[in-house]
Amino acid sequence: MATTITRVTKEYFYIIAGRIKVTLMSIVDNTRSEFFVEKGDIIKISPNVVHTFYVLDDAQWINFLSQPMKNDDDFIKYKVI
């Protein structure tokens, strides 16, 4: 399980292999969603959205960023309680 959030950067994930359960929660309005992705899917994660990946089958993905992350100010590891 990996849980992260960015303050400014948009993130895109291209799923190369496997199956993943994705949970999203906006820290702006507390909206939540949950869905499954698999090989060939693309996910866009907006800033200020906590995203957690639960790997269900061995998975690989490529992470693209909308801008370079120059320091840790934009990236936060987030603990879901």
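The values are calculated or read from the model by the stated rules, or taken from the named source; none is laboratory data. Everything numeric in this text was worked out from a predicted model, so none of it was measured. Counting neighbours? That spans all protein chains shown, and the Cβs are built from the backbone with ideal geometry, glycine included.
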Conditions (1) more than 16 Å from residue 10 (Cα to Cα); (2) of a type outside the set (Gly, Ala, Ser); (3) modelled with pLDDT of 90 or more -> residue 79 fails only (3)
When the residues of segment 18-67 are filtered to those that are assigned to a strand (DSSP E or B) and among the small types (Gly, Ala, Ser), which remaining residue is farthest from residue 6 (Cα to Cα)?
18
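Which of the residues that make up segment 23-39 are buried (at least 16 other Cβ atoms within 10 Å of the Cβ) and either farther than 23 Å from residue 55 by Cβ or modelled with pLDDT of 95 or more (or both)? Quick ask: steps written out before the conclusion?
Taking segment 23-39 and keeping what is buried (at least 16 other Cβ atoms within 10 Å of the Cβ), we get 23-25, 37.
Selection gives 37 alone.
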